[in-house]
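The structure appears below as structure tokens.
Any read-out appearing in this document is the output of simple, stated calculations on the displayed coordinates, not a laboratory observation. Here the structure is a predicted model, which means the values were calculated and not measured. With ideal geometry, Cβ positions are generated from the backbone for all residues, glycine too; neighbour counts draw on all protein chains shown.
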């Protein structure tokens, strides 16, 4: 069957059978996806067994709640970011902090703090380096933004995230920081570790067949919002990580790998009420102003909340 015949067949199945109100956008998308899938089956001579095994794989992925992991692993979440970058550039929005993938592990409702927050609950303090991170949120006019919101979350030393990992305390390594009068934020936490896909999960199963690893470098996630500005979804990667530029989720970007300074000065250690050297990262966020011609920077998706 040729592609023209397949297009006519899909039209007969989806469009010509409609007898009630039609959501034209949904119809358009279904016709395109179904047509492309039928062409793939034809062009690659996909067997019935391969087809049903594919459906079984999708069912298993859903049962394991791994579509949020599979999408970045196949590059789809990065592709959406590329399109968003292109749309912003077309609207004249350039020079802001790069966006990168959100991932599937955000949890709404993290405790709010003004100016400064400690993220970790102390349970891994004896195994981890202390990390201080600080900076300023700037607007499109180059001025700092008081009362901007910096939501931050990252994994523990085992690569696990609170809420999803029930052994951790509520909102461990998650906070919402409101910038001070000068637009500044600061946080104290533990130096995060990289982690990988569940080795027995659906995502890693497919990655194995593709000859790919499922590892991420150590990173810290952020949502940054402020009145009159576009929401920024981003993350920083920890410099020196083995997988810094080999992230299975394609989340690494230039401009999101700040220097990690080792603070050994005794007065600075005492100033932070510590007894040993610690790590420090300086990182500013630069937001774009709201734009009537750029697509919304808000993504409507189901997210966990506690």
Histogram of C-alpha separations across the stretch 98-140, 10 Å bin width, %
16, 36, 43, 5, 0
For the stretch 3-69, Kirkwood radius (reciprocal of mean inverse C-alpha pair distance, Å)
13.8
With springs connecting C-alpha atoms under 10 Å apart, model the chain as a Gaussian network and identify which of 168, 11, 205 has the largest mean-square fluctuation.
11
With a point put 7 Å past each Cα toward its Cβ, work out how far residue 36 is from residue 14 in nm, to one decimal.
1.1
What list of whole percents do you get for P(r) of the stretch 1-143, with Cα-Cα distances grouped in 5 Å bins up to the one holding the largest distance?
2, 6, 8, 9, 13, 14, 14, 9, 7, 6, 6, 4, 2, 0
Once the piece of chain linking residue 144 and residue 114 is laid out straight, how much longer is it, given 0.36 nm per residue of separation minus the C-alpha distance between them?
9.2 nm
Calculate the length of the line joining the C-alpha centroid of the stretch 241-301 to that of the stretch 109-171, in whole Å.
11
Between 19, 225, 123, where does the largest GNM mean-square fluctuation fall for the chain, given springs only between Cα atoms within less than 10 Å?
19
On full extension of the chain, what length is gained from residue 3 through residue 83, given 0.36 nm per residue of separation minus the C-alpha to C-alpha distance?
26.0 nm
Could you tell me how many degrees, from 0 to 90 and to the nearest 10, lie between the Cα long axis of helix 76-90 and the main elongation axis, the longest principal axis, of the Cα atoms of the chain?
80
Residue 56 paired with residue 272, simple spin-label distance in nm, labels 7 Å along Cα-to-beta-carbon
5.2
For the stretch 164-263, the Kirkwood Rh over every pair of distinct alpha carbons, in Å, works out to 16.1
Could you work out how far helix 48-63 tilts from the main Cα principal axis of the chain, as a 0 to 90 degree angle to the nearest 10?
30
Among 269, 177, 46, residue whose mean-square fluctuation peaks in a GNM of the chain (springs only between Cα atoms under 10 Å):
46
As an exercise, use a Förster radius of 30 Å and the Cβ-Cβ distance of residue 127 and residue 63 to find the FRET efficiency, rounded to the nearest 0.05.
0.35
Between the helical axis of 24-43 and the dominant principal axis of the chain, each derived from Cα atoms, what acute angle in degrees is found, rounded to the nearest 10?
70
Report, in deg cm²/dmol and to the nearest 500, the calculated mean residue ellipticity at 222 nm for the chain, where each DSSP H run with n ≥ 4 adds -39500 (n - 2.57) and the sum is divided by the residue count.
-8000 deg cm²/dmol
Could you state the orientation-averaged shadow area of the convex hull built on the Cα atoms of the chain, in nm² to one decimal?
19.8
What full-extension length gain, to one decimal in nm, is calculated for residue 296 and residue 27 as 0.36 nm per residue of separation minus the Cα-Cα distance?
94.5 nm
Taking the inverse of the average 1/r across all pairs of different Cα atoms in the stretch 73-185, what Kirkwood radius in Å do you get?
16.3
